[in-house]
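J.: Shown below is the structure under consideration.
The values are calculated or read from the model by the stated rules, or taken from the named source; none is laboratory data. Worth saying up front: this structure is predicted, and the values here are computed from it rather than measured. Neighbour counts are summed over all protein chains in view; Cβ atoms, including those assigned to glycine, are modelled from backbone coordinates with ideal geometry. We work out accessible area using only protein heavy atoms, side chains counted, and drop any ligands, DNA or RNA first. Shrake-Rupley method; radii C 1.70, N 1.55, O 1.52, S 1.80 Å.
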Amino acid sequence: MKKLITILAISLVSLLHAEDPLAFRNDSAAVANDISFSHLSVFLEGGEIYPMGDLMDAVENALYGGVGVRYTYWENVDGIVMFQYTYFKPMTDIYYDGVHQFMGRVGLEWKWPLIQPVALGAGFTCSWTRADAEEHLYSAYGGTLTDNETEFGWYARISLPVIKREKFSVGFHVAWEQLWTLPKRSNMLSAGVTLERSIW
């Protein structure tokens, strides 16, 4: 019983000497000022990927299409989640017709006040690839792609909205992407158009 009384007494003294003993009353104001997820939009993207480095001699430039979600994370910072599909055609003499690639990305985009409306973004990426082939020739050059491969990496991106009409906007984007494939990294440059619609 003495321990309980001592704990209650210490709690009361702490409360009386606090700068704001009823700080919890401001919780509703804090929630009202919280901008996380205060805006949400969806977008469609399309463009072209330009393989760089050793990939330039391995696959041709390819068109891509994708979808994404943008949401307010902090002031001037948006969270981004994207999914994209590309079909690469090989330039080398290889037994399969092409490679299916699905990309998933998650990152942040900063609307730098000095250069608005340009936004700078970066994040992580995950790539799933599979050769477009009927046979599983693992011993052939590039044969492991017939059994799916997953790679991780990072990306950096610049976005520029050009036209804004009520809930819609159209803009351009350029991105640099690197997959952490060993023994050599895979690098790609992409550029395209984004059509975005605000949900709230």
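J.: Considering only residues that are surrounded by 14 or more Cβ atoms within 10 Å (Cβ to Cβ) and either among the acidic types (D, E) or over 12 Å from the mean Cα position of the chain (by Cα) (or both), which ones fall in the stretch 92-117?
T.: I94, Y95, Y96, G98, V99, H100, Q101, F102, E109, W110, K111, listed by residue number.
J.: Looking at the stretch 168-190 only, could you name the residues that are touching a residue at least 60 places away in the same chain (Cβ under 8 Å) and open to solvent by 40 Å² or more (accessible area, probe 1.4 Å)?
T.: K184, R185, L189
J.: I would also like to ask the following. For the stretch 64-131, list the strands (runs of 3 or more DSSP E) that sit wholly inside it and hold at least 1 residues that are touching a strand residue (DSSP E or B) at 6+ places or on another chain (Cβ under 6 Å) and more than 22 Å from L189 (Cα to Cα); which are they?
T.: Hits in the stretch 64-131: 77-88.
J.: Given the options Y71, Y64, name the one that is in contact with a Leu (Cβ under 9 Å, 6 or more places away or on another chain) and either open to solvent by 50 Å² or more (accessible area, probe 1.4 Å) or closer than 22 Å to L160 by Cβ (or both). Quick ask: steps written out before the conclusion?
T.: Values: Y64 fails: in contact with a Leu (Cβ under 9 Å, 6 or more places away or on another chain).
Sole residue among the options that is in contact with a Leu (Cβ under 9 Å, 6 or more places away or on another chain) and either open to solvent by 50 Å² or more (accessible area, probe 1.4 Å) or closer than 22 Å to L160 by Cβ (or both): Y71.
J.: Return the total of residues in the stretch 41-59 being at pLDDT below 95 and surrounded by fewer than 15 Cβ atoms within 10 Å (Cβ to Cβ).
T.: Summing the residues that are at pLDDT below 95 and surrounded by fewer than 15 Cβ atoms within 10 Å (Cβ to Cβ) in the stretch 41-59 gives 4.
J.: Cβ-Cβ under 6 Å, sequence separation 6+ or interchain: first residue in the stretch 96-112 and closer than 17 Å to N76 by Cα, partner among the acidic types (D, E) and buried (at least 17 other Cβ atoms within 10 Å of the Cβ). Which pairs?
T.: E109/D78
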